[in-house]
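Student: First the structure, which I've put down as structure tokens, then a few questions once you've had a look.
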Amino acid sequence: MTTTPDTIRHVRLSTATLPLATPISDAKVFTGRQRPMTEVVFLFAEIRTEQGHEGLGFSYSKRAGGPAQFAHAAEVAEPAIGEDPSDIAKIYTKLLWAGASVGRSGVATQALAAIDIALYDLKAKRASLPLAKLLGAHRDSVRTYNTSGGFLHAGVEEIKDRATASLEAGIGGIKMKVGLPDTREDLRRVSAVREHLGADVPLMVDANQQWDRATALRMGRRLEEFDLVWIEEPLDAYDAEGHADLTRRLDTPIATGEMLSSVAEHVHLIEARACDIIQPDAPRVGGITNFLRLAALADHAGLELAPHFAMEIHLHLAACYPREPWVEHFDWLDPLFNERLETRDGRMIVPDRPGLGVTLSEQARAWTTDSVEFGRS
């Protein structure tokens, strides 16, 4: 049997601003490094082929960088027109070299991620398979934990209430933020939440790069009593040596990696044995093409996996990881899509819809601030 080759006919890039209902604060806000987060800016890529197949992908930026992602994607996307959409690695390389003078990390890779993810979505839809099944899933559901209820702007009672609601909604674990200027207050809050949850509910903490090495070691030792699943980003994201030292000296696993924006940066983390649990973010590292590269390296190194944010993408990728992973549950993105992901018995269920299984809502269209199109509509 022969098949007719398909080609990319049309690419639409758009950027949309998602407002957050409540300003969000973590340790970087409480120490004056950043202002509270009030919105998330998304870069969407919509691709259509000559045979009528379509794909949707997205990247995002918090606080700053959204316009830069859109501008870079708009500069380099046109060479994808006329390419076979199945040749995803070839297209990624072509677009990467189109913008090679600005490097292979940061905005450059984040801009390409939306296009790369859209091509994977298209390929899975054409095969009438969920993306996880196209890639080769190890499981049909993934352990999930909630972060959005545990930020530092929330009081302890609010965190308890939202944790209870998350567990009742079928979410399996709870993550809360730490890194306040007063470390005693951090310990008080963690102790109160652990007591509320009981000993059997998985609990994680995230310091958002707040501590220096000495504080991270002291806090890590104090936090041992709470039987945490992990301590996340106790140090600066690029301090691989410091994270490696904590990984060796603490019983509680160390998790990091979400702020890195290239495969090369993750390779340095892996080679340094700088974590027990690696947390790559597909939109930040350049899309699914690069995520799969570093996931293979992480598995070879024996690391656990807990991708950061963007559960609509990462659920599929985590389902394909050989070791039992975690996926971060955020409801922030719900207004952008017509579909919802199901949680049950502590796990997030891989949808049976083709591709990523999401479509843009009318609200997402209404929040669009800029767009550009290439090819023939």
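The values are calculated or read from the model by the stated rules, or taken from the named source; none is laboratory data. Quantities reported herein were computed from a predicted structural model and do not represent experimental measurements. In this analysis, Cβ positions are derived from the backbone assuming ideal geometry, glycine residues included, and neighbour counts consider all displayed protein chains.
Student: For the stretch 96-122, name all the residues that are buried (at least 20 other Cβ atoms within 10 Å of the Cβ) and either over 19 Å from GLU265 (Cα atoms) or not assigned by TED's automatic domain parsing to the domain that holds TYR60 (or both). I'd like the intermediate steps shown before the answer.
Tutor: If we filter the stretch 96-122 for residues that are buried (at least 20 other Cβ atoms within 10 Å of the Cβ), which is where we start, we get 107-122.
Of everything in the stretch 96-122, those that are buried (at least 20 other Cβ atoms within 10 Å of the Cβ) and either over 19 Å from GLU265 (Cα atoms) or not assigned by TED's automatic domain parsing to the domain that holds TYR60 (or both) turn out to be ALA114, ILE115, ASP116, ILE117, ALA118, LEU119, TYR120, ASP121, LEU122.
Student: Please go through the stretch 138-150 and give me each residue that is touching a strand residue (DSSP E or B) at 6+ places or on another chain (Cβ under 8 Å) and surrounded by fewer than 23 Cβ atoms within 10 Å (Cβ to Cβ), ordered by number. Spell out how you get there, then give the answer.
Tutor: At the first step, the residues of the stretch 138-150 found to be touching a strand residue (DSSP E or B) at 6+ places or on another chain (Cβ under 8 Å) are 140-150.
Scanning the stretch 138-150 gives ASP140, SER141, ARG143, THR147, SER148, GLY149.
Student: Let me ask you something else. What residue, among those in the stretch 292-340 that are farther than 18 Å from LEU360 by Cα and of a type in the set (D, E, K, R), is nearest to the chain's Cα centre (by Cα)?
Tutor: Here the residue is GLU328.
Student: Looking only at the stretch 230-254, which residues are of a type in the set (S, T, N, Q) and either within 20 Å of the chain's Cα centre (by Cα) or over 19 Å from PRO202 (Cα atoms) (or both)? Talk me through it step by step, then tell me what you get.
Tutor: In the first step, residues of the stretch 230-254 are kept if they are of a type in the set (S, T, N, Q); the result is 247, 252.
Residue satisfying the conditions is THR247 alone.
Student: Determine, yes or no, whether ILE24 is closer than 17 Å to ASP121 by Cα, among the β-branched types (Val, Ile, Thr) and crowded, with 17+ Cβ neighbours inside 10 Å.
Tutor: Considered against the rule, which asks whether it is closer than 17 Å to ASP121 by Cα, among the β-branched types (Val, Ile, Thr) and crowded, with 17+ Cβ neighbours inside 10 Å, ILE24 comes out as no.
Student: Tell me which residues, restricted to the stretch 321-345, are crowded, with 17+ Cβ neighbours inside 10 Å and on the phi > 0 side of the Ramachandran plot.
Tutor: none
Student: Now for a different question. From the list ALA207, ALA264, ALA237, exactly one residue is over 20 Å from ALA318 (Cβ atoms), surrounded by fewer than 20 Cβ atoms within 10 Å (Cβ to Cβ), in contact (Cβ under 8 Å) with a residue 40 or more places away in the chain and out of contact with any Cys (no Cβ under 8 Å at 6 or more places or on another chain). Which is it? So that I can check it myself, show each step before the final result.
Tutor: On the way: ALA207 fails: surrounded by fewer than 20 Cβ atoms within 10 Å (Cβ to Cβ); ALA237 fails: in contact (Cβ under 8 Å) with a residue 40 or more places away in the chain.
Result: ALA264 is the single residue among ALA207, ALA264, ALA237 that is over 20 Å from ALA318 (Cβ atoms), surrounded by fewer than 20 Cβ atoms within 10 Å (Cβ to Cβ), in contact (Cβ under 8 Å) with a residue 40 or more places away in the chain and out of contact with any Cys (no Cβ under 8 Å at 6 or more places or on another chain).
Student: Quick one: what pairs do we get from the stretch 184-195, first residue exposed (fewer than 14 other Cβ atoms within 10 Å of the Cβ), second among the hydrophobic types (A, V, I, L, M, F, W, C) and part of a helix (DSSP H, G or I), C-beta under 9 Å, 6+ apart or different chains?
Tutor: Hits for this filter: ARG188/VAL156.
Student: Turning to a different aspect of this structure: It is to be established whether one or more residues within the stretch 50-57 are surrounded by fewer than 15 Cβ atoms within 10 Å (Cβ to Cβ) and either β-branched (Val, Ile, Thr) or over 19 Å from ASP352 (Cα atoms) (or both). So that I can check it myself, show each step before the final result.
Tutor: Just the residues of the stretch 50-57 that are surrounded by fewer than 15 Cβ atoms within 10 Å (Cβ to Cβ), to begin with: 51-52.
With either β-branched (Val, Ile, Thr) or over 19 Å from ASP352 (Cα atoms) (or both) added as a condition, the list becomes 51-52.
Yes - at least one qualifying residue is present in the stretch 50-57.
Student: Any residue that is assigned to a loop (DSSP other than H, G, I, E, B), surrounded by fewer than 17 Cβ atoms within 10 Å (Cβ to Cβ) and at pLDDT below 95 - is there at least one of those in the stretch 244-257?
Tutor: Step one: of the stretch 244-257, the residues assigned to a loop (DSSP other than H, G, I, E, B) are 250-253, 257.
So of that shortlist, the ones also surrounded by fewer than 17 Cβ atoms within 10 Å (Cβ to Cβ) come out as 251.
With at pLDDT below 95 added as a condition, the list becomes none.
No.
Student: Next question. Mind checking which helices (runs of 4 or more DSSP H) fall wholly inside the stretch 66-182 and carry at least 2 residues that are β-branched (Val, Ile, Thr) and modelled with pLDDT under 95?
Tutor: Numbers: elements: 66-76, 88-98, 107-126, 131-135, 156-168.
Ranges flagged: 107-126, 156-168.
Student: Assuming LEU134 fulfils every condition listed in (1) of a type in the set (A, V, I, L, M, F, W, C); (2) free of Cβ contacts under 8 Å to residues at least 40 places away in the same chain; (3) under 30 Å from ASP116 (Cβ atoms); (4) buried (at least 21 other Cβ atoms within 10 Å of the Cβ) apart from one, which condition is it?
Tutor: Single failed check for LEU134: (4).
Student: Enumerate the pairs (first residue in the stretch 15-31 and in the same structural domain as ALA366 (by TED's automatic domain parsing) and in a helix (DSSP H, G or I); second residue anywhere and exposed (fewer than 13 other Cβ atoms within 10 Å of the Cβ) and not small (Gly, Ala, Ser)) with beta-carbon separation below 7 Å, excluding pairs fewer than 6 apart on the same chain, so at least 6 apart or on different chains.
Tutor: Close Cβ pairs (under 7 Å, with a partner that is exposed (fewer than 13 other Cβ atoms within 10 Å of the Cβ) and not small (Gly, Ala, Ser)) amount to VAL29/ARG35; PHE30/PRO181.
Student: Which members of the stretch 297-318 meet the condition of being under 19 Å from LEU119 (Cβ atoms) and among the aliphatic types (A, V, I, L, M)?
Tutor: Within the stretch 297-318, ALA310, ILE313, LEU315, LEU317 qualify.
Student: Look through THR289, THR343 and report the one residue that is modelled with pLDDT of 95 or more, over 13 Å from the mean Cα position of the chain (by Cα) and closer than 25 Å to GLY170 by Cβ. Let's see the steps before the verdict.
Tutor: On the way: THR289 fails: closer than 25 Å to GLY170 by Cβ.
The unique qualifying residue is THR343.
Student: Ok, one more. Could you check the stretch 278-297 and list, in sequence order, the residues that are surrounded by fewer than 24 Cβ atoms within 10 Å (Cβ to Cβ) and within 19 Å of GLU233 (Cβ to Cβ)?
Tutor: Hit for the stretch 278-297 is ASP281, nothing else.
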